[in-house]
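The values are calculated or read from the model by the stated rules, or taken from the named source; none is laboratory data. For clarity, every value in this text was computed on a predicted model and none was experimentally measured. All Cβ positions, glycine included, derive from the backbone under ideal geometry; neighbour counts span all protein chains shown. Accessible surface is based on the protein model in full, side chains and every heavy atom, while ligands, DNA and RNA are left aside. Shrake-Rupley method; radii C 1.70, N 1.55, O 1.52, S 1.80 Å.
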Amino acid sequence: MSTMMKIKDLHAQIGDKQILKGIDLELLKGKVHAIMGPNGAGKSTLSKAIVGHPDVEVTKGTIVYKDKDITDWEPEERALEGIFMAFQHPVEIPGVNNAYFLRTALNAKRKHLGLPPLNAAEFLRLLKEKIKELGMREEMIHRSLNEGFSGGEKKLNEILQMEILEPDFVILDEIDSGLDIDALKKVSEAINKMRTPDRTFMIITHYRKILDYIEPDFVHVLKNGKVLKTGGIEIVDALEKEGYKIFEEV
Amino acid sequence: MRILDINLEEYGAKKALVQKLKSMGMPTPKTEHYRYFGIRPILDKEYIPYSPPIQSIEEADHIEIVDGMVTKAPKSIFVEFLTNPKVDDSHYDQIYYINHLLVDKTIHFELEKDMELTIVQKFTKTGAFVPYRIKISTQPGINVKIEEECIVYAEESLYLYGYDIDLAKDAILQLLQNRVTGLENFAQIASHSVRCNKNSEFRLFTFDFGVAKTLHNYHITLEENAATNANHVIFGKEKAKLGNTFHIENRGKDSRTHQFSRNILKDKARGIFDGLLIVKNPAKYSAIYQDSKTILLNDGAFMVSKPQMEIYTEYISEATHGSTTGQLDEEALFYLRQRGIAKEQAKEMLVLSFLDEIFEKLGDEKIKKEFIELYEERE
Ligand SMILES: Nc1ncnc2c1ncn2[C@@H]1O[C@H](COP(=O)(O)OP(=O)(O)O)[C@@H](O)[C@H]1O
Ligand SMILES: [Mg+2]
């Protein structure tokens, strides 16, 4: 089994606050890794470190992706190499049209891959197809990016972007939060459809519900900026019964 | 000559103007609407005076004004020169009166029917001081769109001009002022007076893009049920000082003012939006709205934003104002970059989205393209 990403002894801070305190993780090609942990554990900070968010300063350790050390790469370079994050809180950007934004992003990626850009008509065909599959309203194409979208619509829009950009490494940061059961099923279905032997998922959650729909290959428990435990789905059951404290170091 | 050396005693024939100026005094760096502009170096500077000579007007599909003189005009427009034009008797800007004092022949365009008109202004005299005035009056009930473009070659010069606009009742005038200035040492102080008679509507769009030093002072008055909708974009770079100041007076009942300003500043540029909306006592049931937002693209850029209101009636249907200044939204920028969009392009998308409302309202792609060109120019 080949490695997609290897995170070694990662230390990171936001402002003066040390948040990640030595993370070691290996994420495998074609696998789904669930990251669980209580609020404030550092899950979002870890995903921000992976995508290169400017708020997160890596002070020690490395992130190696597809055998390249990306620890200091610009966010857009990481994205073009196939790293995608579905945001826990997608931002609203008034005045930037949803379709225009997505086409710009897709064509940036195509350029990176040495492919010709899609014109507006070609892109619209692709977009409409995906929107239909996801059961989204077609008028969302013409709206501003995430502006006035409900919580569920924002999450679906993240999934839509994932489908269009076809990344290799997908981080879903609490994609399940704020979704009702129908929306959760829809989102899970879309994610399952994207599971391929070449794509890696990192699903961050603190509820087990989504893991009933998307079966993870590995579960990692994160607390206080460290990985406490790595295992299979059985960890989720133990967490369910006992809570996070069972994994605390003694 | 220097502006400060102007001797009022020499203008005995224009008694009312002299009187007015004596009571107001000359502008100083402490004068409210010049406070942030840096007027002193301009008042102090030696210029070669230039009085535009009247010449024959060539027929064309647009109006051309070269260094303060009409050189071209469409046949459908009545052009004349006024020696004693009626002057706004309550303008807040001293330079409005100085300007009128120094001008012997005011250009007058009389607009009689619906039309779309382009005015091209060329500024070509280097080192010169060029005063002139343009008066525009309309027939009642007509609908006119005017687009003003500026072509600037003049360096180290000062152009002192302005429009006196008399909007007859029920008329609609849209004035688009497109001021793109590529020369750092070009200076312009313009003082405008717009009188909106009953039921008329004045739509103003100003675009100040570039690196020059320009200040435009607008005195707008609204009679009963008249409306003004004023929209302003400043995009300043390098050492630009680009500003607009306003006194907009709602004088008649049911009059409405809606003012919207969006500013983007980079390098060491300074922008000024200083707008005072006044509701006079008779202007019952009027509505005023004012909103100014600024994005500073780097440290060192600076915006003076002063939305203000004075209300002298108890019965007002709306009075809202607000002002914000900040950086580009970092989270939004990151979101776009996470999707693979390069930083500079992502910034541009956000800047354009910030101006989107005004471009949408105007419905003119040309100005948007000009903005993008200027924005993308890199040192
Ligand atoms: N922008 C920030 N500034 C300061 N502290 C932050 C910021 N973001 C997160 N933190 C802190 O970092 C810790 C980890 O947060 P986070 O990674 O969001 O946790 P999780 O996603 O696991 O709930 C928390 O204690 C949180 O308060
Ligand atoms: Mg989180």
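Structure values in brief
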{"quantity": "Residues located in the stretch B:1-36, provided they are of a type in the set (D, E, K, R) and open to solvent by 50 Å² or more (accessible area, probe 1.4 Å)", "calculated": "B:2, B:5, B:9, B:10, B:15, B:20, B:22, B:30, B:32, B:35"}
{"quantity": "Complete set of residues in the stretch A:15-41 that are in contact with a helix residue (DSSP H, G or I) (Cβ under 7 Å, 6 or more places away or on another chain) and within 12 Å of ligand 2 (Cβ to nearest atom)", "calculated": "A:19, A:35, A:36, A:37, A:38"}
{"quantity": "Looking only at the stretch B:353-366, and only at residues there that are crowded, with 16+ Cβ neighbours inside 10 Å and without any contact (Cβ under 8 Å) to a residue 40 or more places away in the chain, the one that is farthest from the other protein chains (Cβ to nearest Cβ)", "calculated": "B:359"}
{"quantity": "Residues satisfying the stated conditions in the stretch A:171-202, i.e. in contact (Cβ under 8 Å) with a residue 40 or more places away in the chain, within 16 Å of ligand 2 (Cβ to nearest atom) and not small (Gly, Ala, Ser)", "calculated": "A:171, A:172, A:173, A:174, A:175, A:202"}
{"quantity": "Boolean, residue A:121 is of a type in the set (A, V, I, L, M, F, W, C) and either surrounded by fewer than 22 Cβ atoms within 10 Å (Cβ to Cβ) or within 16 Å of ligand 1 (Cβ to nearest atom) (or both)", "calculated": "yes"}
{"quantity": "Subset of the stretch A:104-118 [at the interface with chain B (Cβ under 9 Å from one of its Cβ atoms) and surrounded by fewer than 17 Cβ atoms within 10 Å (Cβ to Cβ)]", "calculated": "A:112"}
{"quantity": "Given (1) within 17 Å of the chain's Cα centre (by Cα); (2) in contact (Cβ under 8 Å) with a residue 60 or more places away in the chain; (3) under 30 Å from residue A:61 (Cβ atoms), number of the condition residue A:227 does not satisfy", "calculated": "(1)"}
{"quantity": "Lone unmet requirement of (1) within 28 Å of residue B:90 (Cα to Cα); (2) open to solvent by 80 Å² or more (accessible area, probe 1.4 Å) for residue B:69", "calculated": "(2)"}
{"quantity": "Listing of strands (runs of 3 or more DSSP E) fully contained in the stretch A:54-103 that carry 1 or more residues being open to solvent by 50 Å² or more (accessible area, probe 1.4 Å), within 12 Å of chain B (Cβ to nearest Cβ) and more than 16 Å from ligand 1 (Cβ to nearest atom)", "calculated": "A:93-97"}
{"quantity": "Residue check for residue A:26: modelled with pLDDT of 95 or more, more than 16 Å from ligand 1 (Cβ to nearest atom) and under 30 Å from residue B:357 (Cα atoms)", "calculated": "no"}
{"quantity": "Condition met for residue A:212 (more than 16 Å from ligand 2 (Cβ to nearest atom) and modelled with pLDDT of 95 or more)", "calculated": "no"}
{"quantity": "Which listed residue, of B:328, B:350, is within 14 Å of another protein chain (Cβ to nearest Cβ), surrounded by 13 or more Cβ atoms within 10 Å (Cβ to Cβ) and in a loop (DSSP other than H, G, I, E, B)", "calculated": "B:328"}
{"quantity": "Odd one out for residue B:322, checked against (1) crowded, with 16+ Cβ neighbours inside 10 Å; (2) under 30 Å from residue B:376 (Cα atoms); (3) not basic (Lys, Arg)", "calculated": "(1)"}
{"quantity": "Subset of the stretch A:207-227 (residues that are within 16 Å of ligand 1 (Cβ to nearest atom) and surrounded by 18 or more Cβ atoms within 10 Å (Cβ to Cβ))", "calculated": "A:210, A:219, A:220, A:221, A:222, A:223, A:225, A:227"}
{"quantity": "Counted residues, the stretch A:42-62 - those being within 13 Å of ligand 2 (Cβ to nearest atom) and either hydroxyl-bearing (Ser, Thr, Tyr) or modelled with pLDDT under 95 (or both)", "calculated": "3"}
{"quantity": "Long-range neighbours under 6 Å by Cβ, at least six apart or interchain, first residue in contact (Cβ under 8 Å) with a residue 40 or more places away in the chain within the stretch A:70-92, second in a loop (DSSP other than H, G, I, E, B) and open to solvent by 20 Å² or more (accessible area, probe 1.4 Å)", "calculated": "A:82/A:168; A:92/A:147"}
{"quantity": "Within the stretch A:170-206, tally of residues that are within 16 Å of ligand 1 (Cβ to nearest atom) and either at negative phi or open to solvent by 70 Å² or more (accessible area, probe 1.4 Å) (or both)", "calculated": "12"}
{"quantity": "Residues satisfying the stated conditions in the stretch A:35-53, i.e. under 17 Å from residue A:201 (Cα atoms) and either open to solvent by 50 Å² or more (accessible area, probe 1.4 Å) or free of Cβ contacts under 8 Å to residues at least 12 places away in the same chain (or both)", "calculated": "A:48"}
{"quantity": "Hey, residue B:308 exposed (fewer than 15 other Cβ atoms within 10 Å of the Cβ) and within 14 Å of chain A (Cβ to nearest Cβ) or not", "calculated": "no"}
